[in-house]
Amino acid sequence: MVFSQKERYATQDLLSIMELLRSACPWDKQQTHKSIRKNLIEETYEVAWAIDTEDTALLKEELGDLLLQVVFHSQMEKECGNFDFADVCDALCKKLIARHPHVFGGTEAGNAEQALQNWDEVKRSEKQDKTATGAIEDVPRCLPALMRSQKVQGRAAKTGFDYPDAEMAMSDLRSELKELEQALSDGGAAGLEEELGDLIFSAVNVSRFVGVVSEEALSKSCDKFAARFGKVEALAQERSIDMHKSDIQTLNSLWKEAKEQK
């Protein structure tokens, strides 16, 4: 394949480059869907990081890296004669048109909530032969556990299997906490994993009721902990306190002080 360098490239150039790499580069030639699966996941998180940091230049770069993964996987399937990048685009366009009847059809949507309802109704009609259990089982197991939990609960809720309000969800959370406390009191490790999992699952349910994305909430809590820990460490260094040898009361005192700092 003859390739000419340009001042500016377009989508077809990207596809041509990928095809050339698969035929000429030893590393690219030996890759499979599974061998670069982790790359797709990593690139997705890097796009999310660029969004979180509001770095426009980084976002452009990371979106390109993510697009590379789509093109890479599509090229592999083209070589097998199954589909190519154009087929991926065609299927996506058809899905977007079908699920936006308020734009491409006669249905109306006066706000974002109605537009989402239209999307869900079309999606349900496309999968009308699927049971509610099947829809829940379709949530990918490889998703982060908090994200998977929220999706599973959301799909169950669409069948009517849900608490009526956040207070009942909170009551369930308190009940699961008591069960975890009992398991700790019993001293056996056998039931701890199950009870802890149930407690976290219930906490996710509460987050769903109050409109909080549990994955993002926990991520922010990790950031908050890291920032406060940094303050604790700085305070300890200022006062010549050895954190490894300090008792819990001293460490808690430093933590409370760090928490009060802005």
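The values are calculated or read from the model by the stated rules, or taken from the named source; none is laboratory data. All values reported here derive from a predicted model rather than from experimental measurement. Positions of Cβ are generated from backbone atoms using ideal geometry, with glycine treated the same way; all protein chains shown enter the neighbour counts. Just so you know, the surface numbers come from the protein's heavy atoms only, side chains and all, with ligands and any DNA or RNA stripped out. Shrake-Rupley method; radii C 1.70, N 1.55, O 1.52, S 1.80 Å.
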*Would you please list the contacts, defined by Cβ atoms under 9 Å and residues six or more apart or on different chains, that run from a residue in region 216-232 that is in contact (Cβ under 8 Å) with a residue 40 or more places away in the chain to a residue that is surrounded by 11 or more Cβ atoms within 10 Å (Cβ to Cβ) and among the aliphatic types (A, V, I, L, M)?*
L218/L146
*Residues being more than 21 Å from D198 (Cα to Cα) and among the hydroxyl-bearing types (S, T, Y) - total across region 123-158*: 2
*asked:* Which count do you get for residues in region 169-213 that are in contact with a Leu (Cβ under 8 Å, 6 or more places away or on another chain), of a type in the set (D, E, K, R) and touching a residue at least 24 places away in the same chain (Cβ under 8 Å)?
replied: 1
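From the list E260, E238, E194, which one is under 24 Å from T133 (Cα atoms) and open to solvent by 90 Å² or more (accessible area, probe 1.4 Å)?
Working: E260 fails: under 24 Å from T133 (Cα atoms); E238 fails: under 24 Å from T133 (Cα atoms).
Within the list E260, E238, E194, the selection yields E194.
To keep it simple, each residue is scored yes or no on (1) aliphatic (A, V, I, L, M); (2) over 17 Å from R208 (Cβ atoms).
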{"site": "Q150", "(1), (2)": "no, no"}
{"site": "R155", "(1), (2)": "no, no"}
{"site": "F161", "(1), (2)": "no, no"}
{"site": "M168", "(1), (2)": "yes, no"}
{"site": "L177", "(1), (2)": "yes, yes"}
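Suppose we filter region 105-156 for residues that are under 16 Å from the mean Cα position of the chain (by Cα) and among the polar types (S, T, N, Q); how many remain?
The initial filter retains those residues of region 105-156 that are under 16 Å from the mean Cα position of the chain (by Cα), namely 138-154.
Subset that is among the polar types (S, T, N, Q): 149-150, 153.
Residues meeting the conditions: 3.
How many residues does region 201-222 hold that are closer than 18 Å to D165 by Cα and assigned to a helix (DSSP H, G or I)?
Filtering region 201-222 for residues closer than 18 Å to D165 by Cα gives 201-214.
When the remaining residues are screened for being assigned to a helix (DSSP H, G or I), the result is 201-209, 214.
Qualifying residue count, region 201-222: 10.
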*Can you run down the residue pairs with Cβ atoms below 9 Å, 6 or more apart or on separate chains, where the first is in region 1-18 and within 17 Å of V70 (Cα to Cα) and the partner is of a type outside the set (V, I, T) and loosely packed, with under 10 Cβ neighbours inside 10 Å?*
D13/K6; S16/M1
*Got a number for residues in region 126-143 being open to solvent by 60 Å² or more (accessible area, probe 1.4 Å) and assigned to a helix (DSSP H, G or I)?*
3
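When the residues of region 214-235 are filtered to those that are open to solvent by 70 Å² or more (accessible area, probe 1.4 Å) and of a type outside the set (D, E), which remaining residue is farthest from A48 (Cα to Cα)?
The initial filter retains those residues of region 214-235 that are open to solvent by 70 Å² or more (accessible area, probe 1.4 Å), namely 216, 218, 220, 222-225, 229, 233.
From the residues that got through so far, the ones that are of a type outside the set (D, E) too are 218, 220, 222, 224-225, 229.
On the way: L218: 15, K220: 13, C222: 16, K224: 18, F225: 20, F229: 24 Å.
Filtering first and then ranking leaves F229.
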*Of (1) within 30 Å of P164 (Cβ to Cβ); (2) assigned to a helix (DSSP H, G or I), E257 satisfies all except one. Which?*
(1)
*Might you let me know whether region 20-28 holds any residue that is over 16 Å from L68 (Cβ atoms), at pLDDT 95 or above and under 29 Å from the mean Cα position of the chain (by Cα)?*
no
*Identify the single condition in (1) open to solvent by less than 90 Å² (accessible area, probe 1.4 Å); (2) without any contact (Cβ under 8 Å) to a residue 40 or more places away in the chain; (3) assigned to a helix (DSSP H, G or I) that G160 does not satisfy, given that it satisfies every other one.*
(3)
